[in-house]
Structure formats: structure tokens, C-alpha cells
1. On the full set of protein chains, 1.4 Å probe, figure out the accessible area of Val69 and give it in Å² to the nearest 10.
2. Note down the accessible area of Thr100, probe 1.4 Å, to the nearest 10 Å².
3. Set the Förster radius R0 to 22 Å, insert the Cβ-Cβ distance between Leu41 and Leu152 as r into 1/(1 + (r/R0)^6), and round the FRET efficiency to 0.05.
4. Give me the percent of accessible area attributable to carbon and sulfur for the chain, probe 1.4 angstrom.
5. Just one of (i) 10, 40, 38, 11, 0; (ii) 8, 31, 32, 21, 7, 1; (iii) 9, 34, 35, 17, 4, 1, 0 is P(r) over Cα pairs in 10 Å bins from 0, in percent calculated from these coordinates, so which is it?
6. Keeping all protein chains in place and using 1.4 angstrom, which order do His42, His50, His145, His103 fall into by accessible surface area, from largest down?
7. Would you work out the relative contact order for the stretch 56-187, in percent, from Cα pairs under 8 angstrom that are 6 or more residues apart?
8. Taking the Cα centre of the stretch 124-188 as the origin, how large is its charge dipole in debye, to the nearest 20, when only Lys and Arg (+1) and Asp and Glu (-1) carry charge on their Cβ atoms?
Amino acid sequence: MSSERGAVSPADLSPVTDSRPVVWTIAGSDSGGGAGIQADLHTLHDLGVHGCSVISAITAQNSVAVKMVDPVLMQTFTAQIDALGVDLPPAAIKIGLLPTRLHVEVLARRLAATPAPFVVYDPVAIASTGTPMAEPGMLVAVREHLLPRLSLITPNGPELEALTGLPATSPELVRLAARRLRELGARA
């Protein structure tokens, strides 16, 4: 029953997805539509799952440049996660842009309390245009807090180097760096 202030209790809610798995995407909003939340939701739709979104940052970008990355307030970030946790438990979570160390740390704590069979992280530290997308030190927080919660991590070369300290300059070094990520906690 709704309260007099208009709030809805979890008991009032009916599941919105009885037949489709729920997948959360936690990422930035890409105003150009080519990546982030927008691209993830298109993909999730095409895969026939119910996509839910947690926006970590709002970006001003197009197909050639990133003009601005504005992290969402931590209260907003956590409220989105907590709201989804009430009635839309994830079968999987896909993580993209985490703009600050604090976003990483808070998400790692929330993931410890959110059972999700599969968690994929595609680090977004540097845009394909070369523009930094996250604050310095964000990948250090990933290494320290998030890696053990991941089923799969898919870094690009510079991100792999930042996470492991190994140059991604040959197939052998890339394999060695991938093994290092597994030693640090990522399952794959």
C-alpha cells in the first residue's frame, strides 16, 4: 500500500520480469550514444534480457571527442543500486565507467551484498580518443577492491598495464599480465 507521501513499499511491487533474466549495467551515460549505458541497454535488449541501469557519470561526448566527464554524486550512485536491489536482483552485472576511486570502493562493498552469478568489468579509464575518463588512482582501487568480485575483466592494453605493472607489448607479456589479474582475484 502506498503511504500518504506517495512512497511505495516493496510489498506493493510486482516483478517486472517473470520470464527474462535481469542484467544490470553500471556505467556512464554517453551523450553520443556509442558507448556506456546507451550502448549496453541496446545490447541487452537485443539479447532478450531485461536491462537495468546504474549511471556512474554523465559525459558530454560525440563520436570524435569526450568534452566532459561528470561523476554522479555518491548518494545518487548508491541509491540507484539499492533501488534495483529491492525487486530486480541481477542474473549478471556488466560494469563500465567507474569515474573515481570512491565509486569503485562503494561498488565493491555493494557487490559483496548483492548476489550476482556473473560480474563482467570492462574498465573505462581512457577513451578511444585518448581522453582520460577516470581520475588517477581509480585502477589502483580496482586492483585493491574490485578484482576479487569479478567473473571476467576485459581491459585494453593501457588498462592492463596500469592494473598489473606489466607492459602489454607482446603476446607473452599480455598472457603474463592476464595471469597476474587472476592471481589478484579476477576469475577470468
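1. Solvent-accessible area, nearest 10 Å²: 40 Å².
2. 20
3. Working: r = 20 Å, r/R0 = 0.89.
Efficiency computed from Cβ-Cβ geometry: 0.65.
4. Working: 5780 of 9930 Å².
About 58 percent, which is the carbon plus sulfur part of the accessible surface.
5. Here the calculated entry is (iii).
6. So, going from the largest accessible area down, we get His42, His145, His50, His103.
7. Computed value for the stretch 56-187: 21 percent relative contact order.
8. Numbers: 7 positive and 6 negative charges, 61 e Å.
Result for the stretch 124-188 is approximately 300 debye, rounded to the nearest 20.
The values are calculated or read from the model by the stated rules, or taken from the named source; none is laboratory data. Model, not experiment: these values are computed from the prediction. Backbone-built Cβ (ideal geometry, glycine too); neighbour counts: all protein chains shown. The protein model used for the area step is the full one, side chains on, heavy atoms only, and it has no ligands, DNA or RNA in it. Shrake-Rupley method; radii C 1.70, N 1.55, O 1.52, S 1.80 Å.
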